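**Q** So that we are looking at the same thing, I have put the structure below in structure tokens.
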Amino acid sequence: MSIVTAIDKSVSPQQNTTGIEPVLVGANYQLIHDTGYIPSVIIATQLGIPFLATKNFYADHLAPVVQVNIQESIHDKFILGLNNGIMSDGFSPTPQFIYDASTSYTLTKKWMLTTECFGFICDEPPQNNLDGSIAYVINNYVQFGFTGGLGISSAAHKSYFAVNGTWGLNTARKKHGSNK
């Protein structure tokens with residue numbers, strides 16, 4: 001769930017719009033586990049639900065997202081990631097190609113820094129961005145953080161700041177010991 005405040009300084013007086021974007025529900029499935037020689041490969045899917053948004057951010061269509069994520073751990077502190085896929089934003093029926101290249105560094109057991117370059121490509125000029133974030137990891141399933149970034153293409157937002165959080169559930173089945 002994303003709570004957004006959009007600030008438009010191009011008009012006078014400045015206009016602020018606050019609301020909730022369509023709520024995303026999703027699942028990830030790890031196809032290949034990182035072995036040290038082979039990176040992790042994860043299929044990530046999400047569905048944005050338009051009626052679970054406030055009036056200013058209501059979308060006309062369902063917003064599916066399908067991505068392939070490749071991640072490699074470097075030492076104990078660094079994770080490199082490459083992601084790409086397709087998504088619909090719910091406002092247009094035309095899907096977009098999405099990409100992301102990131103690196104994360106674990107400062108301590110609970111704090112992580114991440115930088116990324118990401119974007120969206122469709123019929124309009126591409127939206128390319130750079131950002132950085134800091135996250136506090138509560139456990140393997142819950143984390144909170146702050147993100148700030150810059151648009152590096154003419155179609156992207158000039159700058160942005162976000163407070164974010166993620167939470168998940170482990171649905172993997174436990175392996176039972178064998179009888180000897």
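Quick note: the coordinates plus some simple rules give every number you see, no bench work behind them. All figures in this text were calculated on a predicted structure; none of them were measured in a lab. Neighbour counts are summed over all protein chains in view; Cβ atoms, including those assigned to glycine, are modelled from backbone coordinates with ideal geometry.
**Q** Whole number please: convex hull volume per residue of the Cα set in region 7-110, in Å³?
**A** 161 Å³
**Q** Where does region 38-78 land on Rg/Rh, using Cα atoms and the Kirkwood Rh?
**A** Over the Cα atoms of region 38-78, Rg/Rh equals 1.27.
**Q** How are the Cα pair distances of region 100-156 distributed, in percent, across 10 Å bins from 0?
**A** 23, 41, 24, 11, 0
**Q** Along the principal axes of its C-alpha atoms, what lengths does region 8-67 span, in descending order and rounded to whole Å?
**A** Answer, in whole Å and largest first: 56, 26, 13 Å.
**Q** Over the Cα atoms of the chain, what is the Rg over Rh ratio if Rh follows Kirkwood?
**A** 1.00
**Q** Restricting to lysines 8 or more places apart or on different chains, can you count the pairs in region 3-167 with Cα atoms under 25 Å from each other?
**A** 5
**Q** How much FRET efficiency would the formula 1/(1 + (r/R0)^6) give for Ser159 and Asn56, where r is the Cβ-Cβ distance and R0 is 22 Å, rounded to 0.05?
**A** 0.60
**Q** What FRET efficiency, computed as 1/(1 + (r/R0)^6) with R0 = 35 Å and r the Cβ-Cβ distance, is obtained for Ala101 and Gln15, rounded to the nearest 0.05?
**A** 0.55
**Q** Further question on the same structure: When the chain is modelled as a GNM with alpha-carbon springs shorter than 10 Å, which of Ser159, Ser133, Ser104 fluctuates the most?
**A** Checking each option, the largest mean-square fluctuation is seen for Ser159.
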